[in-house]
Every structure is written in C-alpha cells, then in structure tokens.
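The values are calculated or read from the model by the stated rules, or taken from the named source; none is laboratory data. The model shown is predicted, which means the values in this text are computed figures rather than measured ones. FYI the Cβ positions are ideal-geometry reconstructions off the backbone, even for glycines, and counts take in every protein chain you see.
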Amino acid sequence: MQAGFPTDCAMCHDEGAWSNATFNHNTTNFPLVGSHTTVDCMQCHANGFVGTPTDCASCHIADYNATTAPNHVQAGFPTDCAQCHDPSAWVPATFDHDNTGFPLTGQHASTSCIQCHANGYAGTPTECNACHMPDYNSANDPNHAADQFPTDCAECHGTTAWVPSTFDHDAMYFNIYSGNHSSVWNNCATCHTSPNDFSVFTCTDCHNNQSQLANNHSDVNGYSFSSTACYNCHN
C-alpha cells in the first residue's frame, strides 16, 4: 500500500508462487535501458515506489560532483546527464557543440576541448583573439600588429586554414578591386613598399609627375606631393 502498487497481482506474480516476481518497467514513464536494466530496485526506490523522480541528478548528483575530466561543477555543465551521456556507460560522452553559440567548423572541429576551455567551460569567450592572439602577434607576412589589422580573424580567414585568406581592401581602406586602380597592381608590394609594415604605402611611385600634379591641385589649399596627402583626400 505504501508503495502504491496496483492490486492486480498478475502484473508482477504468477500462480506458481509469490516470489520471483517480475515487473515490466517499460510500462512506466521511465523505461529501463543500458546500465539501468541491472540496477537493484532499491538503488532508486529506497524511499518507496510512488513519485520516484526521473531526472538524472536525483540519482547521479554524486557522480556529477565527483567529475574531474572535465570538472562539471566548475564548468557549469547542466545536471541533465542525458545531454552528453547515454545509459550504457559514462564514456564515451558526446556533446553537440552546434547547439551552443559557437558551432565547431573546420579546424575547430578537431581541437581538443582543453585548448579553448583550460579555465572551464562557462563563459568561454568566442572572440578569435581570445585563442589566436599569439598567432596574430607572430604573423609577419604581412605583419598584422604593425599594420594594425583587426584582431577578428574571421574578417580575412576561414576556419579550415590560415591560408588562403581573403581581405576586403575596398570596404576597409581603398578601392583596389574596383574603380581606376583595379587593373594597375600586381600584388601588395605594388603600393606597400615595406613588406613588414603595410601601414607604409606609396601613391607617388605611380603618380610621379610632380609638376603636373601640382598644377592639377593649384586650387587645393595646403596641397603637398606625398602619398599620405593623396590618401587623405582620395580615399
């Protein structure tokens, strides 16, 4: 009576004897699968059979608290074990990173968890420079730091590899893929004469007729024959 069992004895007993009773747990709202099928009833039903909770943490919070690789408590993992584990065994576990705000693609898909989550899992930054600042600082072709490139790697790079990369020079600086300059350069060095510093550029190597330019700009107050002056007005 205390357990709330039905009064239909035939659900668990046969006519041969009361003992060796059977019960089809699959008729409840918690079918037993995997390792749950071999668990003794009293491990889950120590306080009776009616109203037994079915959430993972009710039985497995001790396992959750004891985890170290990774530490689930410190990482702020959910206590719903089924999000990563199945009833067969704790390992191997699965986690669909695509359900987070940072789906894993390209090289990120094969990266070890600890490379991004050395300080835990909760609140891990998603900005590129949070992991890739050393790559940014060591880049020298071109020198990203000296040229003051943005630290958002995704503006130029994909997740498959650093190269090849793309760079929207037109939108960020000066039209070289469209307009009058689209067909007059061969590579970066056409305008950027210092290979380790792309903030240095030249206009006057091509626009080199100083007297003609001075005449063309006779009505420009403060005109000077310099690349930075060209860019300041013509960008």
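Okay, here's what the table says:
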| item | result |
| --- | --- |
| Tabulated pairs, the stretch 128-142, first farther than 20 Å from residue 112 by Cβ, second of a type outside the set (Gly, Ala, Ser), C-beta under 6 angstrom, 6+ apart or interchain | 136/144; 136/151; 142/198 |
| Answer residue from the stretch 192-235, given it is of a type in the set (S, T, N, Q), assigned to a loop (DSSP other than H, G, I, E, B) and in contact (Cβ under 8 Å) with a residue 12 or more places away in the chain and is nearest to residue 170 (Cα to Cα) among those | 235 |
| Checklist (1) surrounded by 14 or more Cβ atoms within 10 Å (Cβ to Cβ); (2) within 15 Å of residue 201 (Cβ to Cβ); (3) free of Cβ contacts under 8 Å to residues at least 24 places away in the same chain applied to residue 189, failing item | (1) |
| Residue match in the stretch 156-167 (condition: assigned to a helix (DSSP H, G or I) and not aliphatic (A, V, I, L, M)) | no |
| Residue within the stretch 173-183 that is without any contact (Cβ under 8 Å) to a residue 60 or more places away in the chain, exposed (fewer than 14 other Cβ atoms within 10 Å of the Cβ) and touching a Ser or Thr at 6+ places or on another chain (Cβ under 8 Å) present | no |
| Filtered residue count, the stretch 16-52, keeping only those that are of a type in the set (Asp, Glu) and closer than 17 Å to residue 6 by Cα | 0 |
| Flag for residue 138 being more than 22 Å from the chain's Cα centre (by Cα), farther than 30 Å from residue 30 by Cβ and assigned by TED's automatic domain parsing to the domain that holds residue 207 | no |
| Candidate set: the stretch 115-153, residues that are in a loop (DSSP other than H, G, I, E, B) and among the charged types (D, E, K, R); chosen: the one farthest from residue 104 (Cα to Cα) | 147 |
| Cross-chain or 6+ apart pairs with Cβ under 6 Å, the stretch 95-106 first and over 11 Å from residue 159 (Cα atoms), then surrounded by 12 or more Cβ atoms within 10 Å (Cβ to Cβ) | 95/84; 97/104 |
| Of residues in the stretch 132-164 being in contact with a Cys (Cβ under 6 Å, 6 or more places away or on another chain) and surrounded by 14 or more Cβ atoms within 10 Å (Cβ to Cβ), the one nearest to residue 73 (Cα to Cα) | 132 |
| Residues that are over 22 Å from residue 32 (Cα atoms) and of a type in the set (Gly, Ala, Ser), drawn from the stretch 59-105 | 66, 69, 75, 76, 101 |
